[in-house]
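The values are calculated or read from the model by the stated rules, or taken from the named source; none is laboratory data. Not measured: the values here are computed from a predicted model. Cβ sites come from the backbone with ideal geometry, for glycine too, and all protein chains shown count toward neighbours.
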Amino acid sequence: MVVSVLWGILLSTRVLKKRDNPGWLLDLHRWMSGTSVVMVLLHMFSLYMDKYAHFSISDLMIPFHSKYTKIASLGAWPVVLGVLCFYILIAVQGSSLMMRRLPRKYWKGIHYSSYALVLVVSFHAGWSGTDVRAIAYRVVAVLLIVLTSIALIVRIVFPKPARTLSAKVEGRRANQLTENLQQLVVTKLWEPAQGIRAISFARPDGSALSSWQPGSHITLHLPNGLKRQYSLCGDATEHTSYTVAVLRAPESRGGSEWIHTELHVGMSMEVSGPHNHFDLEPASEYLFIAGGIGITPMKAMIEGLPARRQWNLLYAGRSRSSMAFADELSRTHGKNVTIHADDEVGGRVNLDEVLAGFKGQVYACGPEPLLNALIERVSSDRLHFERFVAVDRSEEAVAREFTVTLQRSNKTFTVAADETLLDALAAQGSPLISSCGEGVCGTCEVRVLRGTPQHLDSVMSDEDKDSLGVMYPCVSRAESDELVLDI
């Protein structure tokens, strides 16, 4: 039970970050939970077979039916606690098997009782067991109680991250959950720079929105049918509004153009998220590099850092007038911020000078040339970046058919050479929630159980996807003849 709870804590809080694989964490969590049920059943069977204690089936299943007492002052309560814990254990395990069919809040309420279960079981064992005076028992019991207490503290101090990629958090793809779609109202519009429009959204009743962490983005479901993702750039501690900034793209496909020309205060819009593929990992020193509108996630990260954390920001753009929040950041953070406007200094940033001698973590968001230059200069273990648009990986694609097996649905089908995996899943009655359709937003993430995916997306590095055991079927395909997916 304790190991299952500990693994559940690691699974939900992600305190190990990239060192863990949520796939095997979930599998081990499930295995240990099932094993604890088996062990309890064996415990009850051994009591039934014991000729000294004389426990009947009714004694084991009905509270207060057994007359067994070890501590006279406590009466039947130690055994009663054991019977009650058995039913709680069955409820926790049963709700886990039925989690798809249960409302989320009910499943969570039942699941949280597992923390109390471990502590109550320790009292049951201590008050009714015959070996409690043995030094080995006492050492093990104290250790388990201490571990559970520490786990509870970790669960409180490190709450579940605001990541909607559930395959990374709970071992289930986000598409089996809701998209967190909500109707929000535009409460404020302003221009932080030339050609950039900032928008604040809130619920009509002003109630709290879902919490988010720096690096998160939301998806705007525009009335013209388009879905567009924009990084949150407001204050993560402000729970009643979301703020994004949108650049008016010169070759807009209808998203930014509509936002700049049609959106107005008071308008209601469907918004989903927040989602996060750009986590800020713990580090002693940061270098943030933003190009143009790439300042939006950087701004939220900087404002979310502890006061004593060492960091610097390099913010580059064509002209200061087109650089959103440049004056605000300089005014607030002073020497930590370097503004590089091409028209003022007469050229682009010299990245070799900027990176010289720096050994900390580098976070970057901006146009592709900037990111490519950083990829050439900074090792992958120190570089974290987010792209505006998908990288063209069409030359890597191999147009051939492959077989897909959906393990949970017990379906097997063939994906044609001219068909996307996302479309094939929809045709088989297992549609995924998707958004960009270009391999950028990561909404359609699915867990890969067996087989080798051919990653053609731009959500994260291929190595990270393989280590996490996920793929994005809107554009990605298969290198192996068969893929087995956790659907």
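Brief remarks on what is shown
- Out of L25, L11, sole residue that is under 16 Å from S114 (Cα atoms), among the aliphatic types (A, V, I, L, M) and at pLDDT below 90: L11
- Among the candidates D352, D381, residue that is farther than 16 Å from M323 by Cα, acidic (D, E) and within 24 Å of the chain's Cα centre (by Cα): D381
Conditions (1) touching a strand residue (DSSP E or B) at 6+ places or on another chain (Cβ under 7 Å); (2) at pLDDT below 90; (3) on the phi < 0 side of the Ramachandran plot; (4) among the β-branched types (V, I, T), marked per residue:
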site: A324; (1), (2), (3), (4): yes, no, yes, no
site: K335; (1), (2), (3), (4): no, no, yes, no
site: D352; (1), (2), (3), (4): no, no, yes, no
site: K359; (1), (2), (3), (4): no, no, yes, no
site: A373; (1), (2), (3), (4): no, no, yes, no
site: D381; (1), (2), (3), (4): no, yes, yes, no
site: A390; (1), (2), (3), (4): no, yes, yes, no
site: V398; (1), (2), (3), (4): yes, yes, yes, yes
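- Entry remark, region 210-227: residues being of a type in the set (V, I, T) and either in contact with a Lys or Arg (Cβ under 9 Å, 6 or more places away or on another chain) or part of a loop (DSSP other than H, G, I, E, B) (or both) number 1 in total.
- All conditions in (1) in contact with an Asp or Glu (Cβ under 9 Å, 6 or more places away or on another chain); (2) modelled with pLDDT of 90 or more; (3) under 30 Å from D381 (Cβ atoms) hold for G439, with the sole exception of (2).
- Note on region 364-396: among residues that are among the hydrophobic types (A, V, I, L, M, F, W, C) and touching a Ser or Thr at 6+ places or on another chain (Cβ under 9 Å), the one that is farthest from L247 (Cα to Cα) is V391.
- Region 228-334 holds helices (runs of 4 or more DSSP H) entirely within its bounds, and those carrying 3 or more residues that are among the aliphatic types (A, V, I, L, M) map to 295-303.
- Subset of region 187-236 that is out of contact with any Asp or Glu (no Cβ under 9 Å at 6 or more places or on another chain) and acidic (D, E) - its residue that is nearest to T296 (Cα to Cα): E191
- Conditions (1) modelled with pLDDT under 80; (2) within 26 Å of C85 (Cα to Cα); number of the one not met by L143: (1)
- Residue within region 361-371 that is over 28 Å from E463 (Cβ atoms) and under 24 Å from the mean Cα position of the chain (by Cα) present: no
- Selection status of Y137, under 19 Å from L60 (Cβ atoms) and surrounded by fewer than 17 Cβ atoms within 10 Å (Cβ to Cβ): no
- Residue within region 311-328 that is touching a Phe, Trp or Tyr at 6+ places or on another chain (Cβ under 8 Å), surrounded by 12 or more Cβ atoms within 10 Å (Cβ to Cβ) and under 30 Å from S434 (Cβ atoms) present: no
- Residue within region 382-390 that is among the charged types (D, E, K, R) and in a strand (DSSP E or B) present: yes
- Listed conditions (1) among the charged types (D, E, K, R); (2) at pLDDT 85 or above; (3) over 27 Å from W258 (Cβ atoms) are all met by E170, apart from (2).
One line per residue, one yes/no per condition, for (1) within 20 Å of E395 (Cα to Cα); (2) of a type in the set (A, V, I, L, M); (3) buried (at least 22 other Cβ atoms within 10 Å of the Cβ):
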position	(1), (2), (3)
G437	yes, no, no
G442	no, no, yes
E463	yes, no, no
G469	no, no, no
S476	yes, no, yes
L483	no, yes, yes
D486	no, no, no
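- Taken together, V142, V121, V92 contain a single residue that is surrounded by fewer than 12 Cβ atoms within 10 Å (Cβ to Cβ), within 18 Å of L6 (Cβ to Cβ) and in the same structural domain as G34 (by TED's automatic domain parsing), which is V142.
- Among the candidates S435, S458, S467, S480, residue that is in a helix (DSSP H, G or I) and not assigned by TED's automatic domain parsing to the domain that holds L222: S467
- Qualifying residues in region 30-63 (those that are touching a residue at least 40 places away in the same chain (Cβ under 8 Å) and closer than 25 Å to R447 by Cβ) - the one surrounded by the fewest Cβ atoms within 10 Å (Cβ to Cβ): G34
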